[in-house]
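Taking it in order: structure first as structure tokens, then the write-up.
The values are calculated or read from the model by the stated rules, or taken from the named source; none is laboratory data. As the structure is a computational prediction, the values presented were derived from the model and not from experiment. Neighbour counts run over all protein chains shown; Cβ positions are idealised from the backbone, glycine included.
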Amino acid sequence: MKDSDMKMLDRPTRGACFGFSGPDDRVVSLNVPAMNENGQEDPFRSFDIEYDPDQPESLVICLLELDEDNFVRGTRTSIAFPANLLADLVSKRKATPEEIASWQAASDEDE
């Protein structure tokens, strides 16, 4: 393939963002870009954490794959899981001594 045949993409990064839906434009998802091997936002993959107002006790995580025109070309979806598990994890979980030692060692290496 010649360089002239390759389509170059210059996509702006957008970071995490909310998805809105319904007649009252309620938040139904949080979209978080995946990271590529260079630690940059992947222009074609992101994770969607979806909330269904008809099933408020459940969440679903989707891996979205986009094409060059920003249309979803593929989706991989997790099973629905209880939202209270995520809330419990966020509100109560503390780092283990091993995790603390791990990130302290990593920050020491960066210095």
Filter result for Phe81 (under 18 Å from Ser21 (Cα atoms) and of a type outside the set (A, V, I, L, M)): no
Index of the failed condition, Asn70 passing every other in (1) touching a residue at least 24 places away in the same chain (Cβ under 8 Å); (2) outside any strand (DSSP E or B); (3) within 24 Å of Gly22 (Cα to Cα): (1)
Residues of segment 13-64 classified as assigned to a strand (DSSP E or B), in contact (Cβ under 8 Å) with a residue 24 or more places away in the chain and of a type in the set (Val, Ile, Thr), total: 2
Residue count, segment 58-76 (criterion: of a type in the set (S, T, N, Q) and under 14 Å from Asn31 (Cβ atoms)): 2
Subset of segment 75-107 that is at pLDDT below 85 and acidic (Asp, Glu) - its residue that is nearest to the chain's Cα centre (by Cα): Asp88
